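Accompanying notes for the structure given below.
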Amino acid sequence: MSKQAETWLAPERGNYAVMAVMLFLARILGRKVLTRFIWPISFYYLLHDGTARRGSWVYLCRALGRRPTGLERWRHIHAYALTVLDRIFILGNKATVPPYTVCGSEAIFEALDKGKGCILLGAHVGSFDALRSVSRFASRKIRLRVLMYRRFVGAASKAIEQLDPNYENAIIHIGEPHTMLHVAEALQQGQVVAILGDRAPDMGRSMAVPVLGKDAPLPLGPLRLAAITGAPVVLFSALRCSDGHYDIRFEPFAEHIKLDGTRTQQAQILKTWLARYAAWLETLCRRDPFSWFNFYDFWKERS
């Protein structure tokens, strides 16, 4: 195989026409029936998306501690397809939201009570959009902002996002001149800023820490953001269970990340926090190995 580097910074795959059909069927058939249509789609991508297939293989070898079977590789891609399908129902009207349970939501409210907003740190594990369901139905009003890299969002994703008129308004775009200003303003206003911490658009601003037994680059941006703003950090995950409901969990991560001392000392502080994040990520991967959706050369083994 070629040693050409594989990265997640690539145009998103997906067809607007196909997604338009799925949206139409969702309104008519509902979530339970439409889920059955995903099986052949998952099999198609397993056969035709070489990057995803290789990325899944490498990851599952590490998560399972052995070579995955063909069925397990399909199951991994199928789990991602189901999560994408659920976006239709999560971003649609409230009546269509998949069932979910929430554990640890008090961690968000305790963080917000400190008066510096809250950084919600997750990963590409399960559904990030499930967080919107929590913000809608929480016993206490939460203003959610999402820090995202949007350059390669495809037509299929845009079709789904149009289901929620407020979707774009909640996004703070990564990589723009005023990104940090918007984040600081949101936190000062007591809002929750959510970000996924297992990818970085600029891998030069990353640090290698062990993930599932081998060093991998994780972005420093979320930690530096917390250090600069003084905002507390809470971890977030939403795993799709076998019966289709979501297990949503929050847990405290850092009351305040302080970067004191020399550059070397600061680097060690950052590495310590990144190692804690990596340990949390590993726990999720061991708990449900088919719900981490980084289908690319995460460990830089092909570069």
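Counting only helices (runs of 4 or more DSSP H) that sit completely within the stretch 38-134, zero hold 3 or more residues that are in contact with a strand residue (DSSP E or B) (Cβ under 6 Å, 6 or more places away or on another chain), of a type in the set (Val, Ile, Thr) and crowded, with 18+ Cβ neighbours inside 10 Å.
Scanning the stretch 185-219 for residues that are in a helix (DSSP H, G or I) and surrounded by fewer than 17 Cβ atoms within 10 Å (Cβ to Cβ) yields Glu185, Gln188, Met203, Gly204, Arg205. Restricting attention to the stretch 88-133, the residues that are at pLDDT 90 or above and basic (Lys, Arg) add up to 2.
Residue count for the stretch 17-56 satisfying the condition of being within 19 Å of Glu161 (Cα to Cα) and among the basic types (Lys, Arg): 2. Close Cβ contacts (under 7 Å, 6 or more residues apart or on different chains) running from residues in the stretch 48-66 that are more than 14 Å from Phe290 (Cβ to Cβ) to residues that are of a type in the set (Asp, Glu) comprise Thr51/Glu6; Val58/Glu301. Of all residues being in contact (Cβ under 8 Å) with a residue 12 or more places away in the chain and not in a helix (DSSP H, G or I) in the stretch 261-289, which is surrounded by the most Cβ atoms within 10 Å (Cβ to Cβ)? Just the residue, please. Selected residue: Pro289. Candidates are the residues of the stretch 207-246 that are closer than 26 Å to His78 by Cα and free of Cβ contacts under 8 Å to residues at least 24 places away in the same chain; the one that is farthest from the chain's Cα centre (by Cα) is Asp243. The residue that is farthest from Gly92 (Cα to Cα), among those in the stretch 159-179 that are in contact (Cβ under 8 Å) with a residue 40 or more places away in the chain and in a helix (DSSP H, G or I), is Ala159.
The values are calculated or read from the model by the stated rules, or taken from the named source; none is laboratory data. This is a predicted model, so every value here is computed, not measured. We place every Cβ from the backbone using ideal geometry, glycine too, and count neighbours over all the protein chains shown.
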